[in-house]
Amino acid sequence: MPQIYFSLTAGRSGSGWLAKFLSANLDVNAIHEPIAIEDFGTRMPEVRQLRSFNTYGSNEEIQAFWQHKLDALPQDINYAETNHTLGKCGLIEALAHHPRNSDATVIVLRRNLARQCASYVNRHDFILISTLWQWFLAPDYPNRIVNAEPFLKMGQLGAAIWYALEMECRQTYYERCYGDRIRFVNAQLEDVTQPAGAKQLLTDLGVDRTPILPPKTNANSVASSDELVEKIDTVIRTSQFDPESLVSQYIALRGSLDMAERRAAA
């Protein structure tokens, strides 16, 4: 069967580059983000769907979105999409229960957390709530793994740090909870953009070839200062961030991101 490739990543972590990499090295025309007008609500989650999942879990509206999107995937050619919003509104849950889950690979793409956060700050990504609703996560969502309150006193910087830690925890959560039904492949941006790391990624994807490395994509016009990166790194280290422990606590106290248990109890 043709293969399906998705990414599970936070944004500003190389998802645009990954689409070009997959296109150059696999038999696929990879999509970064389907953002035509008619795509929103059908192929691309809209604000309502993102907010709904992070408030109510995988309710009927979310399930209908995924049923349409996954059923519409091509049956005769490979498909790849590195859209980072998908992992914030039920991609993994839907894929795990879809008939084509055995054809799917999810690339868990990470980047140095401090540099990732600095990129958000330089772009002012965490100022407008509408931007958080469409592209990231809002710290006041009721369903979250990381407690946002300690970070919010830092303003935009704290919100960006919380988001990066939350997405790191969600990556850990999904691999732990769904690794028996979905194939996950881990990739670190700083490694896979170099020849040896790119070769290893292709090997992990089952491809034996010399990698083609595309240039950087969507790079910030202003580089992050070393001072900002160091400040963020200090905050993360001081918080004693431990995604494995936080995920264990979350599962024990709240159950799951799709909130199935809570909806059934209600």
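The values are calculated or read from the model by the stated rules, or taken from the named source; none is laboratory data. What you are looking at is a predicted structure, and each value in this text was computed from that prediction instead of being measured. No Cβ is skipped: glycine too gets one built from the backbone with ideal geometry, and neighbour counts run over all protein chains shown. Note: areas computed on protein heavy atoms with side chains; ligands, DNA, RNA excluded. Shrake-Rupley method; radii C 1.70, N 1.55, O 1.52, S 1.80 Å.
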Checklist entry - Which one of Ser224, Ser248 is touching a Ser or Thr at 6+ places or on another chain (Cβ under 8 Å) and of a type in the set (S, T, N, Q)? => result Ser224
Checklist entry - Just a yes or no: is a residue in segment 178-187 part of a helix (DSSP H, G or I) and surrounded by fewer than 19 Cβ atoms within 10 Å (Cβ to Cβ)? => result yes
Next on the checklist: With the requirement that a residue be under 19 Å from Thr85 (Cβ atoms) and buried (at least 18 other Cβ atoms within 10 Å of the Cβ), what does segment 114-128 give you?
Outcome noted: Gln116, Cys117, Ser119, Tyr120, Asp125, Phe126
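Could you look through segment 245-266, keep only residues that are part of a loop (DSSP other than H, G, I, E, B) and modelled with pLDDT of 85 or more, and pick out the one that is farthest from Ala94 (Cα to Cα)?
Gly255
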Item to check | Positions within segment 3-14 being touching a strand residue (DSSP E or B) at 6+ places or on another chain (Cβ under 7 Å) and open to solvent by 10 Å² or more (accessible area, probe 1.4 Å), in sequence order | outcome: Gln3, Tyr5, Gly14
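Right, Gln116: touching a residue at least 12 places away in the same chain (Cβ under 8 Å) and over 24 Å from Ser52 (Cβ atoms) or not?
It is true that Gln116 is touching a residue at least 12 places away in the same chain (Cβ under 8 Å) and over 24 Å from Ser52 (Cβ atoms).
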Checklist entry - Quick one: what pairs do we get from segment 12-33, first residue in a helix (DSSP H, G or I), second open to solvent by 40 Å² or more (accessible area, probe 1.4 Å) and not polar (S, T, N, Q), C-beta under 6 Å, 6+ apart or different chains? => result Gly16/His32; Ala19/His32; Ala24/Ile212; Asn25/Ile212
Item to check | Residue identified as over 30 Å from Leu228 (Cα atoms), of a type in the set (Gly, Ala, Ser) and either open to solvent by less than 10 Å² (accessible area, probe 1.4 Å) or in contact with a Cys (Cβ under 8 Å, 6 or more places away or on another chain) (or both) among Ala94, Ala80 | outcome: Ala80
Next on the checklist: When you scan segment 120-132, do you find a residue that is modelled with pLDDT of 95 or more and closer than 18 Å to Gly57 by Cα, even just one?
Outcome noted: yes
Checklist entry - Only one of (1) closer than 30 Å to Asp204 by Cα; (2) of a type in the set (Lys, Arg); (3) within 15 Å of the chain's Cα centre (by Cα); (4) open to solvent by 20 Å² or more (accessible area, probe 1.4 Å) is not met by Lys88, so which one is it? => result (4)
Item to check | Some residue of segment 53-73 being under 28 Å from Ser119 (Cβ atoms), open to solvent by 10 Å² or more (accessible area, probe 1.4 Å) and in contact with an Asp or Glu (Cβ under 6 Å, 6 or more places away or on another chain) | outcome: no
Checklist entry - So which pairs qualify, if the first residue must be in segment 204-216 and assigned to a loop (DSSP other than H, G, I, E, B) and loosely packed, with under 15 Cβ neighbours inside 10 Å, the second must be among the aliphatic types (A, V, I, L, M) and at pLDDT 95 or above, the Cβ gap must be under 6 Å, and the two must be at least 6 apart or on different chains? => result Ile212/Ala24
Checklist outcome for this item: Only one of (1) surrounded by 12 or more Cβ atoms within 10 Å (Cβ to Cβ); (2) touching a residue at least 12 places away in the same chain (Cβ under 8 Å); (3) outside any loop (DSSP other than H, G, I, E, B) does not apply to Asp191, and that is (2)
Item to check | Only listed residue being of a type in the set (Ser, Thr, Tyr), under 14 Å from the mean Cα position of the chain (by Cα) and surrounded by fewer than 23 Cβ atoms within 10 Å (Cβ to Cβ), chosen from Thr131, Thr105 | outcome: Thr105
Item to check | Residues within segment 157-171 that are touching a strand residue (DSSP E or B) at 6+ places or on another chain (Cβ under 6 Å) and among the β-branched types (Val, Ile, Thr), tallied | outcome: 0
Item to check | Residue among Ala198, Ala164 that alone is open to solvent by less than 10 Å² (accessible area, probe 1.4 Å), modelled with pLDDT of 95 or more and more than 15 Å from the chain's Cα centre (by Cα) | outcome: Ala198
